[in-house]
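The values are calculated or read from the model by the stated rules, or taken from the named source; none is laboratory data. Predicted model, so just to flag it, every value in this text is computed and none were measured. For neighbour counting, all protein chains shown are included, and Cβ atoms are generated from backbone atoms with ideal geometry for every residue, glycine included. Please note that ligands, DNA and RNA were not included when accessible areas were found on the heavy atoms of the full protein model with its side chains. Shrake-Rupley method; radii C 1.70, N 1.55, O 1.52, S 1.80 Å.
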Amino acid sequence: MDQPKIGGLSARIPIILLLITVCLLFVRLWLGEAIFWGLPALQFYPWREFAAAELASGRLSLWNPYNGAGAPLLANYQSAIFYPPRWISLIDPNPRWMGWIGMLHLLWAGVGMLILCRRLGAGAFEQGLGALAYPLSGTLITRFGTLPMLDAACWLPWLMLASDGLITTSGRRGRWFALLAGVITLLLLAGHAQWASYSLALSGSYALWRTLSGRYPARRLILWGCALILAAGIAAVQLIPTAQLQRLSQRAGGVDEAFALNFSFSPFSLATLLNPRFFGSPGEGNYFIGGAYFEVAAYIGILPLLGALIGGGMRLWTGLRRRTSAPTQGAGLSVFFGLSALLSFLLALGQYAPFFPFLYRYVPGFKLFQAPSRWLLVTVFSLVVIAALNFPRPGRRIRRYARLGAVLGLGMAGMGWAAARALSGFGAGIAVGTSGMGLLIGVGSLLLAIRPLPGAPARLHRRWALIALIVIAFDLGAAGWGHNPTVDPDQFYTVQPPSGRQQRIYIPQGEIDQQMFDRLLPFDDYTQALNQWQALRDSGLPNLNLLDRRSLLNNFDPLRPSWYERFVELLEDPTLPPDAAQKLAQLAALGDFPRWWVAQRVSHVRDLASAVQWVQTQIRDQAYDPGEAVVIENDSSDLPPGGGTGTVSLIRETPQEIELKVEVDNWAWVVVADTDYPGWEAFLDDSRTVIYRANVAFRAVLVPAGSHTLIMRFSRSGWVYEAGISAISLLIWGLIALVSLRRSALPAPDQSSAA
C-alpha cells in the first residue's frame, strides 16, 4: 500500500512521533526501572512470577496456594496466562517486561488507528491525529499499569478495522475473517472481561450499522458472528475455567448496586476533558478533589477534542440543513460514532445519570461489572474517530472563529492566573485549573487559525501539519507525565522466600484499607508510594505476599469462591467475642494452628447457608472445640459416622499437591484447612476417594481405620478437553488463514456499494 503524504511528509511521521513520546513518557523504564504503583505490585507481577516459577518446575500454573487458603490461578481471568504477547514474562520473569511490552502495545494501537482512519477515508494529517490521540489518551496512559485493560484497549482499533473489512469488502473475505477471529481471540485472552465486552459491543454494533446502512448482504454479519464463535473456541482454554470460577464466585449473581455504581464519571470531571490537570494530578501529589483519577481520565488532546467538537458539529449542522441530500459514507460513520460517544458517555455517568439504576436492575449484563466510568473507553475511541473523519477544513470562517477562540482562551488563561495569585486553597486550585484550560483552548484555537488555506504552497501545509502533530504529541505526553511511578525492580520485586515453618495469617480488611488507601497507595497522591516503596514492599499486603511465598488468608483476586467469601465474612464480623474469633482462626489454620487434623465428631448439612449457620452457632458455644468437630456439606446420609482418633503428618507438599500420612483407630474425618474447589482430587492409598467441603470453605476426606497415605492433587482433568477445543479451533483458524492469504496486501474496501 502506498504511503499517503501529509503535505509531502511521510505517514510514518505520526508513528515516529508516537514512538518518541512514548519513550520520553516512560524514560525511566528505559533506565532500568519498572512500574509498581497499585495493581502491578498487588496482582499482575506476583501472579506471573509465580506462574513462571511453576512452569520452570514443570507444572502448569493451575493453583495459587499462598492466597485465600489457596485459589485458582489459571482460571483467574486477569492473570492472562494464555495471552501470547506477554508469554515472554513467563519465560523470563523480569518485572521490566511489564513496561516494555506495554509500550509496544501503545505503538501497536497507534498503527492500528492510523490504518483504520485511512480505511475510513480520513486525510493524511487526520490519520496522524488518530495515531497519536488514541494511544496517548488519558484513558490508556493512566491505565498503563493495569496490564489487562491496556492490552485489551490496544486491540480495539484492529477489531474495528477487521470488522469494517469483513463487512464492506467485496469478493473473498477470508483474510478479513481470519484477521477478525485472530484479533477477537487476543482480545479475549488479554484478561479484562469488561473492556473486551465493551469493545465487542462497539464492533458488533458497527458491523450491524455498516450492514444496514450500506445494504450489504446479511451473511456478512453472520460471518462476523462466526468469527466471534471461532475466537471463543480458540480462547476456550482460558474462558471455560474462568466461566466456572465466575459461576462459583462472589460475583455469580452480579455485583451489588452500590459496588456496580462505584467510580462513576462525575459531571465536575467534565473540566478535565479540556484540561487534564484542572484539579491537579496524583502524579504530583496535588489532586485535590479525591477519587480515582485513572477511572475518569478521558483527555484526548485539545486539538483532537476541538476537531471532534467543531468538525462533528459542522457535519451535524450540514446534515440538518440538507436533509434531502443522499448521505455520504463519512456522514454515516460520523453519525454512528457520534451516537456511540454520546451513549457511552451517558453510561459512564453511572450514579449521576437517573437511568443507570434502571439498567442495573432490569437489563442483563449491567450487574456484571463495577465502574461505569470505564465506558469512557468507547467515548474516547469514538471522539478520536470523529475528529479524524471531520477535522475542520481550513477556511476563512473557521479562521475567524478560531481567532476569537484563541483570544477568549488566552484571556481566560490570564484571568485565571491573576485569580490564582489573589486566592488560596481550593479557590486557588480552581483558578489554576481554569488558567490551564484557557491556555490549552487558546493554543488549540490558534493552531486552527493559522492553518494554511487551500491553494497555499505545499511547504506551508507541510510545516503546519508537522507542528500540529508535534503539539498533539507534546500535549498528551505532558498530560500523561507522572501517572505511572517506577521503582528499582531489583530491590522491590526480588523474591524472598521465608525460611522455616510458614504460618498462615489474616489481615483485617480495615487494616488493609488503611494501609493501602490512606498511607501507601492513596488514589490522589502517587508520590507517597514512591517515598515509601520499602514500606509497601514489606507490608505483605495481598497479593504482594505471593512474591515471598508467604501464606495469607486474604485474597486480592477479582473472583473468589463464594464459600471462601462467606468464611471471610464470619472473620470480619465485628460482634464476635475474642474466643469465637480464635476458633475461626483455628478452622482456617491461622498462626500456630495446624492445617490438617482428625475430627472426632461430625455434623452433616445440605448446603452452604446451613454450614455458615452451624459455624456461627458453634463458635459462640464455650464447649465447641474446632479440632474435634467438623461440619460437612453432604447430601448423602449413608456415610459412616466417624468418631475415630489419630494423627496426620506431612510427607510432601508442592503448590498443587499434598501428601499426608494418616493413622486412625476407626472411621474418621481428616480435615485440611485449604480452600475447596472443583479440580481437587483425593487418593487414599492410590484409590480415588471423595473430597467434601468442610467448615464452610475447606476440605475433608473420610478414611477408615488403619495407616494410610492421603494425596490431594489439583489436576483439573477437564482442562485437557478445554485445551482440545482450543487446539481444534486454532487449527481451523490456521487453515482459513493459510488458504486465504494468497496475496500480501489487504483487500481494498468496496467503495461502490458503501452508503
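Quick notes on this structure:
- Take the chain with all the other protein chains still there, run a 1.4 Å probe, and you get 41 Å² of accessible area per residue.
- At the residue level, TRP481 shows approximately 130 square angstrom of accessible surface with a 1.4 angstrom probe and all protein chains present.
- Average 1/r across all pairs of distinct alpha carbons in region 1-137, invert it, and you get the Kirkwood radius: 17.1 Å.
- Cα long-axis angle, helix 458-480 against the chain (0 to 90 degrees, to the nearest 10): 30 degrees
- A simple spin-label model places the labels of CYS226 and ILE651 5.4 nm from each other, with each point 7 Å out along Cα-to-Cβ.
- Rounded to 0.05, the FRET efficiency of the SER205 and THR527 pair, given R0 = 45 Å and the Cβ-Cβ distance, is 0.60.
- Label-point gap, in nm, between ARG403 and GLN496 - each point 7 angstrom along Cα→Cβ: 6.6 nm
- Couplings for region 49-62, taken from phi via the Karplus curve 6.51 cos²θ - 1.76 cosθ + 1.60 with θ = phi - 60°, read 5, 5, 4, 5, 5, 5, 5, 5, 8, x, 10, 6, 6, 8 Hz in order; Gly and Pro are left as x.
- Rounded to the nearest 500, the helix-only mean residue ellipticity at 222 nm of the chain stands at -15500 deg cm²/dmol, with each DSSP H run of n ≥ 4 adding -39,500 (n - 2.57).
- Of LEU741, LEU147, GLY171, farthest towards positive along the dipole that unit charges on Lys, Arg, Asp, Glu beta carbons give the chain: GLY171
- In terms of its alpha-carbon gyration tensor, region 444-486 comes out prolate; a/c meets the 1.5 threshold, and the first ratio a/b outweighs b/c.
- Rounded, prolate or oblate (a/c below 1.5 giving rounded, otherwise prolate when a/b exceeds b/c) for region 272-391 by Cα gyration tensor: oblate
- When the convex hull of its Cα atoms is viewed from all sides, region 397-438 shows a mean projected area of 2.5 nm².
- With a simple spin-label model that places each label point 7 Å from the Cα along the Cα-to-Cβ direction, the separation between GLU257 and PHE517 comes to 2.1 nm.
- Considering only Cα atoms, the convex hull volume of region 168-245 works out to 82 Å³ per residue.
- Positive dipole terminus of the chain, leading residue within MET113, ASN554, ILE101 (C-beta point charges): MET113
- For the chain, with +1 on Lys and Arg beta carbons and -1 on Asp and Glu, the positive-most of GLY679, PRO85, GLY438 along the dipole: GLY438
- Pairs of Cα atoms farther than 19 Å apart, region 567-624, %: 31 percent
- Residue-wise HN-Hα coupling along region 360-377, computed from phi with Karplus coefficients 6.51, -1.76, 1.60 (Hz; x: Gly, Pro): 4, 7, 10, 10, x, x, 7, 8, 7, 10, 9, 6, x, 4, 6, 5, 4, 4
- For the chain, a crude dipole built from +1 on the beta carbon of Lys and Arg and -1 on the beta carbon of Asp and Glu, taken about the Cα centre, is about 5120 debye to the nearest 20.
- Average 1/r across all pairs of distinct alpha carbons in the chain, invert it, and you get the Kirkwood radius: 28.4 Å.
- Cβ charges +1 (Lys, Arg) and -1 (Asp, Glu), total dipole of region 442-597, debye: 900 debye
- Legend: calculated FRET efficiency, LEU19 to ARG463, from the Cβ-Cβ distance at R0 = 25 Å, rounded to 0.05, equals 0.70.
- In region 340-457, the alpha-carbon atoms span a convex hull of 142 Å³ per residue.
- Amide H to amide H distances under 5 Å link ALA700 with VAL672, TYR692, ALA694, where only residues 5 or more positions off or on other chains count and H is placed in the peptide plane.
- Converting phi to 3J(HN,Hα) with the Karplus coefficients 6.51, -1.76 and 1.60 and the offset θ = phi - 60°, region 552-561 yields 10, 5, 5, 8, 9, 5, x, 10, 9, x Hz in sequence order, with x at every glycine or proline.
- Over 11 Å [Cα-Cα, region 479-524], rounded percent: 79 percent
- Between helix 562-571 and the chain: long-axis angle, C-alpha atoms, 0 to 90°, nearest 10: 70 degrees
- Spherically averaged projected area of the convex hull of Cα atoms, region 104-202: 6.2 nm².
- Computed log10 I(q)/I(0) for region 166-206 at 0.30, 0.32 Å⁻¹: -1.02, -1.07, from the Debye equation with unit scatterers placed on every C-alpha and solvent omitted.
- On Cα atoms only, tilt of 174-189 relative to the major axis of the chain in degrees: 50 degrees
- The H on the amide N of TRP597, modeled in the peptide plane, is under 5 Å from the matching H of VAL671, each at least 5 residues off or on a different chain.
- For region 537-610, a simple Cβ point-charge model (Lys and Arg +1, Asp and Glu -1, everything else neutral) yields a dipole of about 300 debye relative to the Cα centre.
- For the chain, the share of accessible area belonging to carbon and sulfur comes to 62 percent (1.4 Å probe, ligands and nucleic acids excluded).
- Sequence-distant residues sharing a close amide H with SER603 (under 5 Å, placed H): VAL630, VAL631, ILE632
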